[in-house]
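Accompanying notes for the structure given below.
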Amino acid sequence: MTYSLSNLREVRDDPTLALRELNRLYYTRGRTRDYNTDAPNVFDEDWDNLLILDACRHDAFERVLPEFELPGTFGHRYSRGASTIEFLRANLTERDLSDTVYITATSMLYRLMVLNDEIDHNLHAVVDVWEDAIDVGEWGVRPERMAKRVQEIQQEYPQKRLVVHFIQPHIPFIGEFGSEQFDDELVWRKMRQRGLDASDDDLWRAYMENLRLAMPSVEELLHALPGRSVVTADHGQLIGDRVFPVPFKEYGHPTGIYCEELVKVPWHAHENGPRKRIVAEKSTGDQYERKDKEELDSKAEAHLRNLGYLQ
């Protein structure tokens, strides 16, 4: 295992990264694991529609559940990823997903699929809701927009499994309190470095506000989508938690840290009428070939920056 000069410079500027790396070495067994190998592939699970709440902790979902009338049964699973990147890499690669349409409010899949050319999936289709939302200024794509688009896609692809990837409760905070208090995309990094005049309670309030704003749209889809729907998360979130073995206060969702707060995710299942008749079909072609790639890449990079992934 080697570290570059740029790694050393990053640690010089932010010593907590050295502590994070020690924890990462523990969870990845000396970087011999690329993802949480104790968890199953989410596409092997039994569902027709998978509703993903980005960065939603199991305990946070459990806390807000009594406030809403979600049909179904609440439980939990463990995710393969402590971050969206790990989740996508570990679940999508080398899989036959020609029976699946991925509808997403986050540009992370575009980053891995197009910008970085890392994932060579065979999803039947990818619907980038973030692209249209950005055109009207919705960097934190509203859950209502997602719910509407998903129901349109269900009509277009009635015999496909649907993955619905919301942004919330991930930043940017779109609620009244969160958007006023935290308008910086580097909120988690600055909290770790003690560079923000905010408390963990403030962060929890903004985070839970984001989650609560998404729940009505989740409830709407559970009633609208046919078949077996599952509400889950790609990973959790650290909000001042102290993880093992080096117990410093951590924020965000760093890759390779497979603690409960990051990999234990909700698994809320509901069956709405008969199951779908799922049919696998190869994609009809490159969905981006007729678009202005330079403009789309620029949009994706700006969106990733707004989500805190790029500086």
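Values in this text are rule-based calculations from the coordinates and carry no lab data. All figures in this text were calculated on a predicted structure; none of them were measured in a lab. Here the Cβ positions follow ideal geometry from the backbone for every residue, glycine too, while neighbour counts run over all protein chains shown.
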*Would you work out which of Thr84, Leu22, Ala214 lies farthest towards the positive end of the dipole of the chain? Charges go on Cβ: Lys and Arg +1, Asp and Glu -1.*
Leu22
*222 nm [θ] for the chain, helices only, -39500 (n - 2.57) per DSSP H run of 4+, per residue, to 500?*
-11000 deg cm²/dmol
*Ordered by packing density, taken as the mean number of other Cβ atoms within 10 Å over each peptide's residues, highest first, how do 104-116, 130-142, 267-279 rank?*
104-116, 130-142, 267-279
*Work out the length of the dipole vector of segment 5-306 about its Cα centre, built from +1 on the beta-carbon of each Lys and Arg and -1 on the beta-carbon of each Asp and Glu, and round it to the nearest 20 debye.*
820 debye
_Sites Ser199 and Phe43, calculated FRET efficiency, Cβ-Cβ separation with R0 35 Å, nearest 0.05_ = 0.35
_Given charges at Cβ of Lys, Arg, Asp, Glu: segment 67-155 dipole, positive-most of Val126, Gly72, Gln154_ = Gly72
*Given a Förster radius of 30 Å and the C-beta distance between Ser179 and Lys148 as r, what FRET efficiency does 1/(1 + (r/R0)^6) yield to the nearest 0.05?*
0.85
*Say each of Asn116 and Glu67 gets a label point 7 Å from the Cα, pointing the same way as Cα to Cβ; how far apart are those two points in nm?*
3.3 nm
*asked:* Among [x] 19.7, 64; [y] 18.9, 58; [z] 26.2, 97, only one was calculated for this model; which label is it, if the read-out is Rg and Dmax of the Cα atoms in Å?
replied: [y]
*Under 10 Å from the Cβ of Gly227, count the other residues' Cβ atoms, weight Lys and Arg +1, Asp and Glu -1, and hand me the total.*
+3
_Alpha-carbon centroid distance for the pair segment 109-184 / segment 194-267, whole angstrom_ = 17 Å
*Most mobile listed residue (Lys249, Lys293, Lys282) in the chain, GNM with C-alpha springs under 10 Å*: Lys293
*Output the antiparallel fraction of DSSP beta bridges having both residues in the chain, as a percent to the nearest 5.*
40 percent
*How long is the gain from Ser283 to Glu295 if the chain were fully straight, where each residue apart is worth 0.36 nm and the alpha carbon distance is subtracted?*
2.0 nm
